[in-house]
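Novice: Sharing a structure here in structure tokens format.
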Amino acid sequence: MQGFTYDEIISDIEKRDKFFELYDRLIGLLKANGRGKSALIHAKKRKEIWEEITLLD
């Protein structure tokens, strides 16, 4: 997602919250527009990023 670096979402809670808010919005829009497979791919990637970040908290 543009505008965020991996280091920023690891270290800056506000940017992390905004990143995941936007990611959730993207997934919701994909689902609402009949793009289930794309939504699933993004949901899995979101989960992967979240799990990696929580390892560093």
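Novice: I'm trying to understand the selection: among the residues of the range 29-53, which are in contact (Cβ under 8 Å) with a residue 12 or more places away in the chain and either under 9 Å from the mean Cα position of the chain (by Cα) or outside any helix (DSSP H, G or I) (or both)?
Specialist: Residues satisfying the conditions are His42, Ala43, Arg46, Ile49, Trp50.
Novice: Something else now. Please identify the pairs in which a residue from the range 1-28 that is over 14 Å from Trp50 (Cα atoms) has its Cβ atom under 6 Å from the Cβ atom of a residue that is of a type in the set (A, V, I, L, M) and modelled with pLDDT of 95 or more, counting only partners at least 6 apart or on another chain.
Specialist: Final answer for the pair search is Ile27/Ala39; Ile27/Ala43.
Novice: Give just the number: which of (1) more than 23 Å from Asp57 (Cβ to Cβ); (2) surrounded by 15 or more Cβ atoms within 10 Å (Cβ to Cβ); (3) among the aliphatic types (A, V, I, L, M) does Ile27 not satisfy?
Specialist: Of (1) more than 23 Å from Asp57 (Cβ to Cβ); (2) surrounded by 15 or more Cβ atoms within 10 Å (Cβ to Cβ); (3) among the aliphatic types (A, V, I, L, M), only one is false for Ile27: (1).
The values are calculated or read from the model by the stated rules, or taken from the named source; none is laboratory data. On a predicted model such as this, the values are computed, not experimentally measured, just so you know. Note that each Cβ is placed from the backbone with ideal geometry, even for glycine, and that neighbours are counted across all protein chains shown.
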